[in-house]
Protein chains: 2
Amino acid sequence: MSWFEAETAVERITDVRWSAHVSGHWNIGTNPNGGYLAAIALRALRRLGPHPDPISVTTHFLRPGTAGAAAEVITELIREGRTITTARATLTQDGTPRLEMIASLADLTAPADVDHALTIAPPSIPPPSECVLRSGVEQGIELPILDRLDIMIDADQAAAGRAGTAAVSGWIRLGDGAEPDVLALLLFADAFPPSLFGLLGVVGWVPSIELTVHVRRRPASGWILGQFSTSDLHRGRMIENGALWDESGALVAQSRQIGLLLPRPAPTER
Amino acid sequence: MSWFEAETAVERITDVRWSAHVSGHWNIGTNPNGGYLAAIALRALRRLGPHPDPISVTTHFLRPGTAGAAAEVITELIREGRTITTARATLTQDGTPRLEMIASLADLTAPADVDHALTIAPPSIPPPSECVLRSGVEQGIELPILDRLDIMIDADQAAAGRAGTAAVSGWIRLGDGAEPDVLALLLFADAFPPSLFGLLGVVGWVPSIELTVHVRRRPASGWILGQFSTSDLHRGRMIENGALWDESGALVAQSRQIGLLLPRPAPTER
């Protein structure tokens with residue numbers, strides 16, 4: 001069992017209650033990564049219906065999770081249709097809701113009656129070996145999650161605040177060599193440096209208010225290429241768009257989140 | 001009171017139950033428009049907390065609504081924070097859930113401690129007077145909603161299947177001259193012709209599986225400019241991205257939906 005599988009595992013208590021343990025290995029600073037926490041809730045939702053692939057997952061982050069502590073997931077099956085299951089979940093710790101999720105699941109490999117197709121080709125970036133390892137420099141905080149994920153950043157965008165655009169791209173994979181799956185894509189959509197750092201420099205912790213991920217195809221084995229950019233930043237709230245491709249060049253997920261840029265002390269005050 | 005206000009009105013029955021009436025004036029074919037139905041649910045959610053502006057609204061469409069019939073909205077306040085209220089709603093008719101919504105609300109005019117800003121400028125398109133009135137031709141179905149909304153489409157993209165790209169842009173406003181507000185933006189994000197028609201021609205009814213709208217700024221008076229494009233279509237499910245600007249050029253909302261392209265009879269079989 002991979003680290004990711006083991007550390008997002010849920011155990012059924014009743015039909016609507018699941019127990020889990022929130023690991024400290026996926027932290028951004030002292031808080032569990034949002035995509036990691038969401039993967040725990042999604043793992044419970046996946047077991048409610050017959051459809052394995054999350055085609056739309058929206059997570060509202062209510063409060064930071066607590067690392068190294070038990071969690072409970074409360075689920076509700078909203079509708080089980082022939083092609084789509086819709087369900088929701090609340091992840092709680094110590095009786096306090098940490099995130100609220102709604103998701104639709106389907107079977108991405110089911111044949112369709114429509115032949116038309118359209119997609120987005122991956123951007124051309126250097127291979128992982130020519131990228132630079134993600135460090136904590138962009139955020140000025142410790143990143144325990146880097147022991148669990150290999151994240152290689154396109155060097156042109158790796159110099160905080162010097163890229164001139166609010167964009168970041170690079171490669172990501174599970175750190176123990178496990179292959180990516182549709183659940184890992186949810187994590188990968190929230191594990192790159194905040195794209196604002198390319199424009200603003202060190203941005204600190206950028207909490208997500210809400211993250212929506214659309215999984216489009218099951219990923220092939222190997223690295224996943226991610227590209228993220230901030231399209232709108234206004235009164236401290238930013239919209240960040242993301243896309244993930246597998247090594248075969250197939251678009252495997254699209255994401256959008258609304259996040260919060262927190263005030264930081266001016267450099268001279270540090 | 002505008003048509004939009006009157007026909008999306010909700011009346012409190014208890015703290016968690018609201019009654020409404022689904023009008024037949026906002027139909028796409030025989031089904032109420034999804035953005036219109038969602039606006040009813042959002043109107044109830046707005047009354048749960050102190051924050052007036054929906055900054056993130058995700059709606060899962062479970063079944064089509066029934067036009068000209070009563071509806072009930074069941075609400076739940078998930079969290080009322082200092083700056084953000086998070087809540088969810090189920091809209092039912094005849095005891096059957098039609099849509100499920102989760103939303104975060106805030107005050108878009110509240111001062112922020114962060115000065116950095118970034119935005120997307122509106123595309124340059126002809127003024128409304130030089131655009132063409134939306135007709136039902138793109139979908140091959142009746143559009144009663146065009147009695148309630150003025151929708152002017154950029155002529156370059158108005159010839160179904162001839163634009164060569166899955167994109168549409170144009171102008172929209174409430175048909176009775178009422179000014180746009182943050183709730184109307186939810187409706188406007190789901191009222192343009194499906195952007196696939198520019199590529200594929202007549203596409204029929206394209207049901208939304210899930211629609212997420214991020215309202216970014218309160219709109220100024222006048223027309224709203226909308227631009228929509230389909231980025232990925234695979235096995236009949238498409239991702240459509242949208243953006244709305246007001247007449248001052250301010251980005252007022254971003255949207256993304258996953259929709260379903262239904263099989264259609266080949267032209268020779270019609």
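A few notes on this one:
- Binned Cα-Cα distances of the protein assembly as shown, short to long, each 10 Å bin given as a whole percent: 4, 19, 30, 28, 15, 4, 0, 0
- Using every pair of separate Cα atoms, the Kirkwood estimate puts the hydrodynamic radius of the stretch A:45-200 at 18.3 angstrom.
- Under the Karplus curve 6.51 cos²θ - 1.76 cosθ + 1.60, θ = phi - 60°, whole-Hz ³J(HN,Hα) for the stretch B:259-264, x wherever Gly or Pro sits: x, 10, 8, 7, x, 10
- Note on the stretch B:1-80 and the stretch B:87-101: Cα centroid distance 9 Å, given to the nearest whole angstrom.
- Computed magnitude of the charge dipole of the stretch A:185-270 (debye, nearest 20; Cβ of K, R +1, Cβ of D, E -1): 120 debye
- Using the Karplus relation 6.51 cos²θ - 1.76 cosθ + 1.60 with θ = phi - 60°, the per-residue 3J(HN,Hα) values for the stretch A:52-69 come to x, 9, x, 8, 8, 10, 10, 10, 9, 8, 8, 8, x, x, 10, 6, x, 9 Hz, with x marking Gly and Pro.
- Alpha-carbon centroid distance for the pair the stretch A:226-266 / the stretch A:126-195, whole angstrom: 12 Å
- Label-point spacing at A:Arg17 relative to the other copies reads 2.7 nm, in ascending order, each point sitting 7 Å out from Cα along Cα→Cβ.
- Per-residue mean of foreign Cβ neighbours for B:53-62 is 5 (Cβ atoms of other chains, 10 Å radius).
- In terms of packing, defined here as the mean over residues of other Cβ atoms within 10 angstrom, the peptides B:4-10, A:22-28, A:39-45 line up highest first as A:39-45, A:22-28, B:4-10.
- Anisotropy class of the stretch B:86-157 from Cα gyration tensor, a/c 1.5 cut: oblate
- Evaluated over the stretch A:68-127, the Cα radius of gyration and Dmax, each in Å: 18.3, 49
- Close amide H contacts of A:Glu210 (hydrogens built in the peptide plane, cut-off under 5 Å, sequence separation of 5 or more or a different chain): A:Phe61, A:Ile258.
- Mean per-residue shielding of peptide B:210-216 is 5, counting Cβ atoms of other chains within 10 Å of each Cβ.
- Peptide A:112-122, shielding by other chains (average Cβ, 10 Å cutoff): 6
- Projecting the Cα atoms of B:Leu118, B:Ile55, B:Ala71 onto the charge dipole of the stretch B:31-125 (Cβ charges, centred on the Cα centre) puts B:Ala71 farthest toward the positive pole.
- Cα-Cα separations in chain A greater than 29 Å, expressed as whole percent: 29 percent
- Treating each Cα of the stretch A:1-118 as an identical point scatterer and summing with the Debye formula, the log10 of I(q)/I(0) at q = 0.12, 0.17 Å⁻¹ comes to -0.44, -0.80.
- Listed values for the stretch A:129-145 are Karplus-derived 3J(HN,Hα) couplings in whole Hz (6.51 cos²θ - 1.76 cosθ + 1.60, θ = phi - 60°), namely 5, 9, 9, 10, 4, 4, 10, x, 4, 5, 10, x, 9, 5, 10, x, 4, and x replaces Gly and Pro.
- Neighbour counting of Cβ atoms within 10 Å sorts the residues B:Asp246, B:Asp150, B:Asp94, A:Asp190, fewest neighbours leading, into B:Asp94, B:Asp150, B:Asp246, A:Asp190.
- Taking the Cα centre of the protein assembly as shown as origin and assigning +1 to Lys and Arg Cβ atoms and -1 to Asp and Glu Cβ atoms, the resulting dipole is close to 480 debye.
- The stretch B:165-270 - Debye-derived log10 I(q)/I(0), Cα point model, q = 0.11, 0.12, 0.16 Å⁻¹: -0.36, -0.42, -0.69
- Annotation: amide H-H contacts under 5 Å for B:Arg98 (H modelled 1.01 Å from N, sequence separation of 5 or more, or interchain): B:Leu91, B:Thr92, B:Gln93.
Values in this text are rule-based calculations from the coordinates and carry no lab data. Source: prediction; values computed, not measured. Here Cβ is always computed from backbone atoms with ideal geometry, including for glycine, and neighbour counts include all displayed protein chains.
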